[in-house]
Amino acid sequence: MNNDARDPFVRVRGASENNLRNIDVDVPRDAMVAFTGVSGSGKSSLAFGTLYAEAQRRYFESVAPYARRLLQQVGAPHVQEITGLPPAVALQQRRGSPSSRSTVGTLTTLSNLLRMLYSRAGTYPPGAARLDAESFSPNTAAGACPECHGLGVVHDVAEDLLVPDPSLSIREGAIAAWPGAWQGANLRSVVSGLGIDIDRPWRRLRKKDRDWLLYTDEQPSVYIEPEEDRIDYGYQGKFWSARKHVMHVLADSKSEKMRERALRFVRSVPCPECHGSGLRPEALAVTFAGRSIAEINAMPLTGVVAL
């Protein structure tokens, strides 16, 4: 057996970890080596269960006894002998949880360096106060755009989603985003009480009225007569625009079914305040090499290196 420290191979003899059966193998050192094979052939047992486990065991032997208690130790692998084995590091592949706030920069921590660069070496507008590094992150309260809360997108409704068939009248259900059953009947009665023709096709209503019905934040009340709504008593019906109703459901409803229905009428668009960057205007006003940090974040790495 060659025990020379200059041996260019890691030599494994009699590996029997898990489903390995007395395997002998010589693995080149200082080279990229891949273990391939069908599922269950022993790739992980050789790479992690044998080579890495033995390297870790030898490392633990060099650690002071009191410190070993602080480390997660592995057992000795089932192998007769391994020579030429250098210190080892194991990298484990993990699937990260998807997040709308994750980017290549945040995952590689390059964003941290960029934020520090803009904070310390950026060009500020005349009279502007210097910003901390966290002010250049959309994931902090100091840096997040107040309009979209750092997401870079806002969720809003659109007429083509709220009213998919403009040939219908309000009575026929033109405003698809409104609720059904009694709530829908209540809204139709309120609209009628406000003087808007609920039997006229949607496309023939005045644009001013269409926009008000879909987008207004006003909530006027109208007294609904019993005979109008087939009820035994009159009541004050309150108006909800289609947009206000959808946003109310998304913000406050505990019903997953209602929320799923409301999402059908919502479209995500770039935030008009930060133009999709998720940052406050103060951070976007700082430049380096003539570019804002949002522009740098959008560039490929090769372009950033060229700066």
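The values are calculated or read from the model by the stated rules, or taken from the named source; none is laboratory data. Keep in mind that what you see is a predicted model, and the values were worked out from it rather than measured. Cβ: placed from backbone, ideal geometry, glycine included. Neighbour counts: every protein chain shown.
One table, with the values for the structure above:
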{"item": "Residue check, ALA31 at negative phi, modelled with pLDDT of 85 or more and not assigned by TED's automatic domain parsing to the domain that holds SER277", "result": "yes"}
{"item": "Residue that is farther than 25 Å from ARG6 by Cβ and at pLDDT 80 or above, where the choices are LEU85, LEU107, LEU131", "result": "LEU131"}
{"item": "Sole exception among (1) within 19 Å of ALA289 (Cα to Cα); (2) under 20 Å from the mean Cα position of the chain (by Cα); (3) exposed (fewer than 14 other Cβ atoms within 10 Å of the Cβ) for THR123, by number", "result": "(2)"}
{"item": "Test: residue in region 166-175 that is free of Cβ contacts under 8 Å to residues at least 24 places away in the same chain and assigned to a loop (DSSP other than H, G, I, E, B)", "result": "yes"}
{"item": "Near pairs, Cβ below 7 angstrom, 6+ apart or cross-chain, from region 261-284 (without any contact (Cβ under 8 Å) to a residue 60 or more places away in the chain and closer than 30 Å to ALA129 by Cα) to any residue that is of a type in the set (Gly, Ala, Ser) and part of a loop (DSSP other than H, G, I, E, B)", "result": "LEU284/SER277"}
{"item": "Residues satisfying the stated conditions in region 144-159, i.e. modelled with pLDDT under 90 and not in a loop (DSSP other than H, G, I, E, B)", "result": "VAL153, VAL154, HIS155, ASP156, VAL157, GLU159"}
{"item": "Selected residue (criterion: modelled with the lowest pLDDT) from residues of region 264-307 that are within 20 Å of the chain's Cα centre (by Cα) and among the small types (Gly, Ala, Ser)", "result": "SER268"}
{"item": "Residues satisfying the stated conditions in region 239-255, i.e. among the hydrophobic types (A, V, I, L, M, F, W, C), modelled with pLDDT of 85 or more and in contact with a helix residue (DSSP H, G or I) (Cβ under 6 Å, 6 or more places away or on another chain)", "result": "PHE239, ALA242, VAL246, VAL249"}
{"item": "Evaluation of SER41 against (1) modelled with pLDDT under 85; (2) assigned to a loop (DSSP other than H, G, I, E, B) (one fails), failing number", "result": "(1)"}
{"item": "Criterion (closer than 30 Å to GLY237 by Cβ and among the hydroxyl-bearing types (Ser, Thr, Tyr)) met by exactly one of SER137, SER192", "result": "SER192"}
{"item": "Tally of residues being surrounded by 17 or more Cβ atoms within 10 Å (Cβ to Cβ) and either out of contact with any Leu (no Cβ under 6 Å at 6 or more places or on another chain) or not in a loop (DSSP other than H, G, I, E, B) (or both) across region 126-138", "result": "5"}
